[in-house]
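The values are calculated or read from the model by the stated rules, or taken from the named source; none is laboratory data. None of the values given here were measured: they were computed from a predicted structure. Note that we place each Cβ from the backbone using ideal geometry, even for glycine, and neighbour counts take in every protein chain shown. Accessible surface areas use protein heavy atoms only, side chains included; no ligands, DNA or RNA. Shrake-Rupley method; radii C 1.70, N 1.55, O 1.52, S 1.80 Å.
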Amino acid sequence: MAFPKPPAILDPRDLSSAELAQQPDHAFLRIYAWMQLARLTDNRILELFRQGLIKGTVTGGQGNEGLIVPLALLADKATDVVSFTHRDLGGHLIWSGHLCEHLNQYFANAGSPTKAREGNVHHGDPKNRSLPMISHLGAMLSNVLGMTDSQRRLGRPAVGFAIFGDGGSSTGDIHESLNLAALLSLPIVFVIENNGYAYSTPVSEQFSGVELWQRAASYGIEGFAIDTANIPATAKSLAAAVDKVRATSRPILIEARVLRLRGHAAYDTCDYFQPGELDALQARDTLASYRARLAAAGHAKTLEGFDAELAAYVEACIKVSIAVARPTPASLAQDLFAPTSAPLPWTARAATTEPLTMAQALNLALRKILTERPESLILGQDIATYGGAFKVTDGLYKDFGRQRVFNTPLAESACTGYAIGLALNGHRPIEEFQFADFSTEAITQITLNAATYHFRAGAAVPLVLRLPCGGGLTFGSFHSQELESLFLSMPGIKALYPSTPQDAFNALLAAYEDNNPVLLFEHKGLYRRGKSPVVWDPNYRNVWEPHQLQTGDFATVVTYGEMVHLAREACEYLTSEYERTFDLFDLRCLSPLKLDSIRASLARTHRLIVLHEGRRTHGFGAELVAQLTEELFFSLEAPPLRIASLDLPVPFAPELEHAFRPTRNSIIERIVSWMG
Ligand SMILES: Cc1ncc(C[n+]2csc(CCOP(=O)(O)OP(=O)(O)O)c2C)c(N)n1
Ligand SMILES: [Mg+2]
C-alpha cells in the first residue's frame, strides 16, 4: 500500500534564526504542527501497545516535544549529526523518512528500518547522520562527536547534537564525551533533557552540587538552561546556540527543562509520585499552553484545521503500517558482518630490505596505511610524540601530523565511540589501546555498539582496535591478559592474532580494509622477539585463514599468538625424543573461524591438541575443541587435550606467572602424559 501523502504543513522540515526573526508566525505554526504530529503518534503508539499490537518498551516523548521539535527543525539535515533519545520520536519524524516507516519500526514488521531487529525508538538513519541509539545511556554521545568531526574533516560545516537525560548525566560516558569535545574543540550542541526523573528516581537522588548546565564551566565551554514552557523563546535560544556552535566550532551545553507527562514507560506503575503530582504535571503540558497561545494570537481556525488533518494522517499511516507483512528470519545470519570490499589498491612496494621486529613491522604497516589511504587516522594514548607505550607508532606523528596521528585522553569508552562515529562516515580509524586490558573500559562501545551496528542498522563500522596483550613480562594482572574469549563470545567482531612480523604486517592491512570492527591482538612478548624479513605480500589476506607450520601424523596442534613459538619448540623436542610428528597450525584468525584445513588434518591424525595462553575455563580452546570435534568425534583416538593458563588472575612475580602460563616444558609434560 502506498504511503499516505503528508499534510502540506509538514513539507518544510527546517527552521532558521532568520525565519524566526522575520516570519515568526510561519515558524511557530510549523513548530506546532510537528509537535502535534509527535504527540498524536506517541499517544497512538501507547494505545496500540495496550492493545498488544506493539511490543517492547514504549517510552513516550509526551512533554518533550517543545524541545526536540525546534531542535530537529533547526538542524541542517544535509550536514549535521544527531542521535535521538528514547523521548525524541518528534526528532526522528522530522529528520528523515515517512511516518509509515517510523511506525513500521514500532510494529517491527518487514518494512522496519532496523529489519525488525531492534525495537521501538531504537532506529535511525545512519546514511543521513541520524545515529540509532543503543539502550546504554551515554553511549551515543561519542558517536555523534566522531561523525561530526568526520564531517568537519571532509570540509562540511556540521554541528552535532548530543542529547541525554538527567539520569544519563551521571554516566562516565557523558563526562568523557564532554571532556573530549571540549579538548578537540568539536562543534557539538550538548542537550540535557532534564525532565526531573530517571525512571522513578528524582534528580535529587541523581546528582548533587551545581545544576547540570553549570558543569559546562568545568570543561571550559559555555552552558545555559532553558525552560521549554516558553516555546518561542526556546526556539530562539536554540537557534542562536546552533548558529554559534556552527560558527565557532566550540561545544555548548544546554540544560533544557522539559516535562515527562506519562511516567517512564508504558509499564511504569507511577506509584513513586506524590498524590496529585502527575495531574499537576499534565496541567503544565507545554503543547496545550502553546496551542492556547497561538489560538489567542488569531490562529484558532488554522490550528483546528491542522489538528484534523494530522489526526486523519496518523490514522491513515497506522492503517498502512499495520498491514505490512511480518519480518522473516531469512537474512539474519548474512547481515551480521558488513560485506568486505575488494582489496584496496595498495602499492606493491617491497616494504624494506632489513629484517624487522614485530613492532617495526606494525609501524611499517601503519606508515603504509597513512601514506596510501587518506581516510586513515590513528588515535590512542601517548601515541603521538611519544610513539606509544611500545613504540609501535614511533615517528608517525612527526611525519603525518596531528590531524592524522593524535593522542587521546584516558577515556577509552568515549574515544572508541568517537572512532565509531568517524568510521560510520567514511573514515577508517585505527585505535591503539595502551594495554589490551584497558579495552574493558570500552566494552559497551566495542561489543554492543560497533559490533551490532551492521546487523541492526545496516551501516558498516570499519574500525581497527590494536590490543597489546598477553603475559610473561611480569606486568601483573591488569597489564597481561588475553581477552579473546571475553570479546568473541559476542557476535559481530572480527579478530586477528599474528605471531610473526610478516603476519603482523599483513594482518594490519587486512584488518584495515575490512568493513567491520576488527580486534588486532598483538602479544607484547612478540613485539621484540627477534627480527625477520617483511615484504609486500600480495596474498596478505591469507591471514584470515590458519597457517600450517609443519606436518606430521601423530596429532593436530592448534595454537596462536606467542604460544605458536612455544608449540614449535615443544613439537621439535617431541619429534627428536619420542619420534612423534605433528601437524601444527597457527590459527591467526580467531573470528570468523575458518577451520576446514584443521578439520582435514584432524580427520587424518585423529588426535587434537589445543594450546593457548588465555585461561582454560570458558577459554577459547573450549570453542575450538567443540567446533573441531563435533563432526569427527567418533574417529578420535584420544580425548582432545587442552593446554591453557590457570583459572586465576595473572599473578605478578616471575615464578608465579611461570606457573600460571603454559611454558615450553609444561607443554611438553602435558603432551607426554597425554600420549600415555
Ligand atoms: C547505562 C544504563 N543504565 C540503566 C539503564 C536503564 N534505564 C533506561 S531509561 C532509564 C532512566 C533514564 O533517565 P534519563 O536519562 O533522565 O532519561 P528519561 O528517561 O528521563 O528521558 C534507565 C535507568 C540504561 N538504559 N542505561
Ligand atoms: Mg530524565
Candidate set: the stretch 390-411, residues that are under 25 Å from the mean Cα position of the chain (by Cα) and among the hydroxyl-bearing types (Ser, Thr, Tyr); chosen: the one surrounded by the most Cβ atoms within 10 Å (Cβ to Cβ): Thr393
Could you give every pair whose Cβ atoms fall below 9 Å, whose first residue belongs to the stretch 211-239 and is among the aromatic types (Phe, Trp, Tyr), and whose second residue is open to solvent by less than 20 Å² (accessible area, probe 1.4 Å) and outside any strand (DSSP E or B), counting only separations of at least 6 or pairs across chains? Tyr219/Leu178; Tyr219/Ala181; Tyr219/Ala182; Tyr219/Pro251; Phe224/Ala216; Phe224/Ala241
Considering each of Ala296, Ala311, Ala316 in turn, give the residue that is of a type in the set (A, V, I, L, M, F, W, C) and farther than 30 Å from Pro113 by Cα. Ala296
Go through the stretch 67-96 and count every residue that is assigned to a loop (DSSP other than H, G, I, E, B), within 15 Å of ligand 1 (Cβ to nearest atom) and either closer than 17 Å to Ile188 by Cβ or modelled with pLDDT under 95 (or both). 3
Of Ala323, Ala311, Ala280, Ala316, the only residue that is open to solvent by less than 60 Å² (accessible area, probe 1.4 Å), farther than 17 Å from Met35 by Cβ, touching a residue at least 24 places away in the same chain (Cβ under 8 Å) and out of contact with any Ser or Thr (no Cβ under 9 Å at 6 or more places or on another chain) is Ala316
Among the residues in the stretch 116-138, are any outside any loop (DSSP other than H, G, I, E, B), touching a strand residue (DSSP E or B) at 6+ places or on another chain (Cβ under 7 Å) and of a type in the set (A, V, I, L, M, F, W, C)? no
All positions within the stretch 351-366 that are assigned to a loop (DSSP other than H, G, I, E, B) and farther than 19 Å from Glu513 by Cα: Thr352, Thr353, Glu354, Pro355, Thr357
Take the residues in the stretch 353-389 that are of a type in the set (Val, Ile, Thr) and open to solvent by 40 Å² or more (accessible area, probe 1.4 Å), then tell me which one is nearest to Leu422 (Cα to Cα). Thr371
Which numbered condition trips up Ile174, out of (1) assigned to a helix (DSSP H, G or I); (2) farther than 18 Å from His86 by Cβ? (2)
On the given criteria, is Asn64 within 16 Å of ligand 2 (Cβ to nearest atom) and either in contact (Cβ under 8 Å) with a residue 40 or more places away in the chain or surrounded by fewer than 23 Cβ atoms within 10 Å (Cβ to Cβ) (or both)? yes
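Each row is one residue, and each column tells you yes or no for (1) among the hydrophobic types (A, V, I, L, M, F, W, C); (2) closer than 22 Å to Leu145 by Cβ.
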site: Ile188; (1), (2): yes, yes
site: Glu211; (1), (2): no, no
site: Gln214; (1), (2): no, yes
site: Ala225; (1), (2): yes, no
site: Ala229; (1), (2): yes, no
site: Arg250; (1), (2): no, yes
site: Glu255; (1), (2): no, yes
site: Phe273; (1), (2): yes, no
Identity of the residue in the stretch 179-222, of a type in the set (A, V, I, L, M, F, W, C), outside any helix (DSSP H, G or I) and within 12 Å of ligand 2 (Cβ to nearest atom), that ends up farthest from the chain's Cα centre (by Cα): Phe207
Pairs needed: first member in the stretch 78-97, over 18 Å from Arg30 (Cα atoms); second member anywhere, β-branched (Val, Ile, Thr) and away from ligand 2 (no atom under 16 Å from the Cβ); C-beta distance under 7 Å; at least 6 residues apart or different chains. Asp80/Val159; Val81/Val144; Val81/Thr148; Val82/Val144; Ser83/Val144
Of all residues in the stretch 1-43 being under 23 Å from Leu71 (Cβ atoms) and basic (Lys, Arg), which is most open to solvent (accessible area, probe 1.4 Å)? Arg13
Here are Arg250, Arg284: which of them is of a type outside the set (Phe, Trp, Tyr) and closer than 30 Å to Gly56 by Cβ? Arg284
Counting only residues that are crowded, with 23+ Cβ neighbours inside 10 Å and outside any strand (DSSP E or B), how many does the stretch 567-586 have? 3
Can Ile671 be described as touching a strand residue (DSSP E or B) at 6+ places or on another chain (Cβ under 9 Å) and closer than 26 Å to Leu486 by Cβ? no
Failed item in (1) within 19 Å of the chain's Cα centre (by Cα); (2) part of a helix (DSSP H, G or I), with Gly426 passing the rest: (2)
Looking at the stretch 169-190, which of the residues that are β-branched (Val, Ile, Thr) and away from ligand 1 (no atom under 12 Å from the Cβ) is surrounded by the most Cβ atoms within 10 Å (Cβ to Cβ)? Ile188
Return the only residue of Ala229, Ala240, Ala225 being part of a helix (DSSP H, G or I), of a type outside the set (Asp, Glu) and either touching a Gly at 6+ places or on another chain (Cβ under 7 Å) or open to solvent by 30 Å² or more (accessible area, probe 1.4 Å) (or both). Ala240
Does any residue of the stretch 262-275 turn out to be crowded, with 16+ Cβ neighbours inside 10 Å, touching a residue at least 60 places away in the same chain (Cβ under 8 Å) and closer than 28 Å to Phe28 by Cα? yes
